[in-house]
1. With 30 Å as the limit, write out which pairs from LYS2/LYS179; LYS2/LYS43; LYS2/LYS108 have Cα-Cα distances beyond it, or answer none.
2. Nearest 500 deg cm²/dmol is fine: what mean residue ellipticity at 222 nm does the chain get from its DSSP H runs of n ≥ 4 alone, each adding -39,500 (n - 2.57), divided by its residue count?
3. Return one whole number: the accessible area per residue of the stretch 4-216 in Å², for a 1.4 Å probe.
4. From largest accessible area down, sort LYS20, LYS98; use a 1.4 Å probe on the protein chains.
5. Over the stretch 60-217, what is the relative contact order in whole percent, taking alpha-carbon pairs under 8 Å and six or more residues apart?
6. Give the distance, in whole Å, between the Cα centre of the stretch 163-209 and the Cα centre of the stretch 87-118.
7. Roll a 1.4 Å probe over the protein heavy atoms and report the accessible area of MET213 in Å², nearest 10.
8. Gaussian network model of the chain, Cα springs within a sub-10 Å range: biggest mean-square fluctuation belongs to which of PRO166, PRO188, PRO135?
Amino acid sequence: MKKTVAIDGPAGAGKSTIAKLVAEKLGYIYIDTGAMYRAVAWKVLDVGVEPTDGNIVGIAEKLDVRLRFIGDAVRVFADDTDVTDSIRTPQVTALVSKVAQLGPVRAKMVELQRKMAADGGVVMDGRDIASNVLPNADVKIFLTASIGERALRRWKEMKAKGYDEPIEKLEAEIAARDKADSEREISPLVRVPEAVLLDTTGMPIERVVEKVMELCG
Ligand code: CDP
């Protein structure tokens, strides 16, 4: 039977890396829900309006956010624009948690996410997957790591993309986003009691993938 696998956790815990590899091994679809909120944030910046709640909701309501599965790769589209790379800029990262706090934005994204998971065979990562999007998921994992390690991982990822931001700045940004995501009113980042806690501090990627595969077994 094809399962649904929910992976939640704070910024930079390695959710997308792990979820992608696990989905590949299982022959499942990988759904990056953070990318969907990022696509809305990207559009707000692209339009260039003041990012007020009203403007953000107005843009989100009109925007067609879509994940397209092209072979093994997932591409993120905002209307007809492929935004897969442009949703990873520091500017989008700085705005995304504000976008993700808004009820109408979340309602629209969650509906799309549930539709994509309806037939099972998905690994979905985010903040509220086990607690809200897929409360009946077969496997629930809460992935985390120390803030120092998460900042280092993010620094390496950004460096590979040509950004050289001080690690202290990235750590502060991650801490601020974790706080906003955990304290927001609607669907905050939480570990549901039944989720298996995986602290990946000091763990190589392959080991984490192995552990998750065991839990999916
Ligand atoms: O990759 P990173 O951990 O930096 O973040 P992401 O997974 O791309 O998510 C970006 C932001 O979207 C998060 O900081 C949350 O504010 C929001 N988000 C959310 O609210 N709910 C989700 N299911 C996924 C992401």
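The values are calculated or read from the model by the stated rules, or taken from the named source; none is laboratory data. The shown structure was predicted, so the numbers you read here are calculated from the model rather than taken from an experiment. All Cβ positions, even for glycine, are placed from backbone atoms using ideal geometry, and neighbour counts span all protein chains on display. Ligands, DNA and RNA are stripped out before the accessible areas are found, and what is left, the full protein with its side chains, is counted by its heavy atoms. Shrake-Rupley method; radii C 1.70, N 1.55, O 1.52, S 1.80 Å.
1. The answer is LYS2/LYS179; LYS2/LYS43.
2. The helix contribution divided over the chain gives -15500 deg cm²/dmol.
3. 47
4. Result of the area sort, largest leading: LYS20, LYS98.
5. After rounding, I find 22 percent.
6. 17
7. Number for this one is 50 Å².
8. In the Gaussian network model the winner is PRO166.
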